[in-house]
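Okay, structure first, notes after.
The values are calculated or read from the model by the stated rules, or taken from the named source; none is laboratory data. Keep in mind that what you see is a predicted model, and the values were worked out from it rather than measured. Cβ coordinates were reconstructed from backbone atoms using ideal geometry, including for glycine residues, and neighbour counts include every protein chain displayed.
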Amino acid sequence: MRDVAHELAAQIAADARALSHVQAPSTVQREIRRRRRRSALGWGAGSALGVGALAVAAVTTAGSLAEPEEAAPTPSASSTAPIAYATVDLDDAVPYGGWGGLEWLGCGDPAPEPVSRSGGFSAAFEFDIDSELSQDAYGATEVSLGSVAITGSPEVPTGAMVSAPLMIFVQDGVVVGFDGGGGSAGWMEISPDWSLDASGTWWNYAFSCDASAGFLPLEAGDYDVYLVAHIAASPQLAALQDLSNQGLTIADAPHWEHLLPGSYECQQYADWQMHEPLLCDPDAHPGTTVDRDAGTITVPYHASLHGADLDVTLVSEPRAVTLGEPSNALGSAGSPEPLADGEVPQCDEVYGWAYSPGLALHWPGDLASLAPGDVIEPAAWPVEGDWSEVTVDLPSEGRIWLFEEAVIDVDEHTSVHAERAVGWADVTATVATTLTVVRYDGPQPWSVRVEDVQWCGERATSVFSAIMVEPLTITDDAGTREVTGPIVVSPQR
């Protein structure tokens with residue numbers, strides 16, 4: 001079965017990391033602006049489902065048979081409530097902000113059997129959709145997906161993450177997709193005679209389970225759809241909820257090994273005046289212990305948040321639907337093409353956003369004010385893969401093309417952001433162009449001197465990015481490779 005939870009966690013974490021770099025005041029920014037179409041998918045509703053199962057490595061509660069060898073403070077300095085300890089396996093998922101997991105959706109599994117009663121819970125589902133489902137995210141109006149009424153009488157009261165209702169798509173007897181809205185998810189206290197009435201909205205797109213689709217829209221066609229609800233409780237979920245209540249997280253990126261106290265990436269949180277993840281500062285949550293060799297982190301939490309483990313999935317009867325063609329909202333149709341490898345820009349031409357494959361270059365100055373004799377030092381930062389040290393060979397001279405932002409109306413519903421060539425600057429390197437970037441230490445500067453500046457017409461008042469059409473070489477643990485894409489310098493914003 002495809003591990004959708006882990007893949008989606010990694011994808012969202014990558015975008016979250018990219019977005020954080022955009023806002024860093026004096027550091028490297030990721031190329032999130034190059035990926036705005038994907039970030040526009042609106043994971044606000046679905047992000048609470050973005051983290052996979054959290055394995056139990058060791059859990060102890062106050063008064064149990066296995067107390068920690070050393071007494072640990074309570075999760076809150078002002079709290080005297082009993083505490084418990086949960087160990088999260090960092091290789092299973094990265095808990096950066098949402099819990100519950102998507103593995104219970106069963107991507108790639110046979111169609112589920114309808115389940116209205118399970119584990120002391122029962123559900124009554126009701127579809128509000130008809131036999132036609134639009135994927136025109138701009139032209140169509142929002143419609144109610146359906147609703148579910150859940151009741152339960154667990155033997156032991158507990159806090160739980162409840163996700164409902166979410167819709168899965170089945171074709172040829174196999175689960176192949178799920179609705180893009182992601183249902184709703186929230187932490188709830190569940191006790192005897194508990195009940196919940198929840199409804200969902202069809203946001204006019206569905207995601208494909210196909211790993212190669214990269215969470216792009218599901219293809220148009222005929223499907224059977226099911227409404228599902230999930231109720232999950234575990235020590236790990238309780239610990240994550242307790243951390244969330246305090247504004248804390250464990251990590252925010254899949255490559256957790258590089259979140260080391262004192263590292264460049266950890267320092268960014270202090271620069272942004274944000275809480276550091278616990279992997280950067282375990283002391284922020286007294287009683288936290290990190291075992292990097294084992295790949296686990298153990299955190300204390302209020303024991304009242306967890307009374308019993310739950311893993312209950314309730315499933316409706318199927319309904320046959322026809323899914324429409326995806327609209328431009330989730331794709332690039334109608335957008336200008338970016339520069340091809342080796343293509344030289346032309347004055348006043350409009351291009352799709354370009355990005356430097358494998359490398360981000362950012363400079364905090366004003367590219368529109370460049371003048372001969374200026375020296376700029378864009379900061380180089382690798383942005384792909386799990387790396388600790390990378391060597392980058394950049395050109396010793398070349399022409400940097402200057403671009404302003406352009407907004408193109410594709411149709412009455414859709415506008416796309418692009419770039420227009422407005423000038424160029426010839427530059428030469430002032431120091432060696434072989435840069436060694438150590439992840440712990442942070443980005444390294446590529447120092448170049450401006451020799452000449454020319455404008456296509458009047459001098460631009462704002463320059464969105466600068467592009468050099470030259471290859472670069474990257475050497476990492478995977479070996480040495482030439483990257484033929486353009487070298488993009490983005491202003492720090």
Is there any pair linking a residue in the range 440-469 that is assigned by TED's automatic domain parsing to the domain that holds residue 267 to one that is at pLDDT 95 or above and among the charged types (D, E, K, R), with Cβ under 7 Å and at least six apart or on different chains, and which?
-> none
Given the residues 358, 342, 373, 385, which is the only one that is at positive phi and either at pLDDT 95 or above or basic (Lys, Arg) (or both)?
-> 373
So, of the residues in the range 215-248 that are crowded, with 23+ Cβ neighbours inside 10 Å and assigned to a loop (DSSP other than H, G, I, E, B), which turns out to be modelled with the lowest pLDDT?
-> 218
Given (1) at positive phi; (2) assigned to a strand (DSSP E or B), where does residue 169 come up short, assuming only one miss?
-> (1)
Residue by residue through the range 276-292, note down the ones that are over 21 Å from residue 302 (Cβ atoms) and over 22 Å from the mean Cα position of the chain (by Cα).
-> 291, 292
Got a number for residues in the range 430-465 being part of a strand (DSSP E or B) and modelled with pLDDT under 95?
-> 1
Got at least one residue in the range 90-107 being part of a loop (DSSP other than H, G, I, E, B), surrounded by fewer than 16 Cβ atoms within 10 Å (Cβ to Cβ), in contact with a strand residue (DSSP E or B) (Cβ under 9 Å, 6 or more places away or on another chain) and modelled with pLDDT of 80 or more?
-> no
Looking at this structure, is residue 414 of a type in the set (Val, Ile, Thr) and out of contact with any helix residue (DSSP H, G or I) (no Cβ under 9 Å at 6 or more places or on another chain)?
-> no
The range 389-413 - residue that is free of Cβ contacts under 8 Å to residues at least 12 places away in the same chain and either outside any strand (DSSP E or B) or of a type in the set (Val, Ile, Thr) (or both) and, of those, farthest from residue 369 (Cα to Cα) = 412
Determine if the range 200-208 includes at least one residue that is farther than 30 Å from residue 276 by Cβ, hydrophobic (A, V, I, L, M, F, W, C), touching a residue at least 60 places away in the same chain (Cβ under 8 Å) and buried (at least 24 other Cβ atoms within 10 Å of the Cβ).
-> yes
Please state which of the following conditions residue 323 fails to meet, knowing it meets all the rest: (1) assigned by TED's automatic domain parsing to the domain that holds residue 414; (2) surrounded by 18 or more Cβ atoms within 10 Å (Cβ to Cβ); (3) among the aliphatic types (A, V, I, L, M).
-> (1)
Hey, residue 425 surrounded by 14 or more Cβ atoms within 10 Å (Cβ to Cβ), of a type outside the set (D, E, K, R), at negative phi and in a loop (DSSP other than H, G, I, E, B) or not | no
Out of all the residues in the range 255-309, which are polar (S, T, N, Q) and crowded, with 17+ Cβ neighbours inside 10 Å?
-> 263, 268, 288, 296, 298
Out of (1) under 29 Å from the mean Cα position of the chain (by Cα); (2) part of a strand (DSSP E or B); (3) small (Gly, Ala, Ser), the odd one out for residue 195 is which?
-> (1)
Take residue 407 and decide whether it is of a type in the set (Val, Ile, Thr), surrounded by fewer than 14 Cβ atoms within 10 Å (Cβ to Cβ), under 27 Å from the mean Cα position of the chain (by Cα) and within 20 Å of residue 351 (Cβ to Cβ).
-> yes
Residue match in the range 248-259 (condition: touching a Pro at 6+ places or on another chain (Cβ under 9 Å), in the same structural domain as residue 146 (by TED's automatic domain parsing) and among the polar types (S, T, N, Q)) = yes
Kindly establish whether residue 315 is assigned by TED's automatic domain parsing to the domain that holds residue 205 and touching a Pro at 6+ places or on another chain (Cβ under 8 Å).
-> yes
Determine whether residue 179 is within 14 Å of residue 133 (Cβ to Cβ), charged (D, E, K, R), out of contact with any Lys or Arg (no Cβ under 6 Å at 6 or more places or on another chain) and touching a residue at least 12 places away in the same chain (Cβ under 8 Å).
-> yes
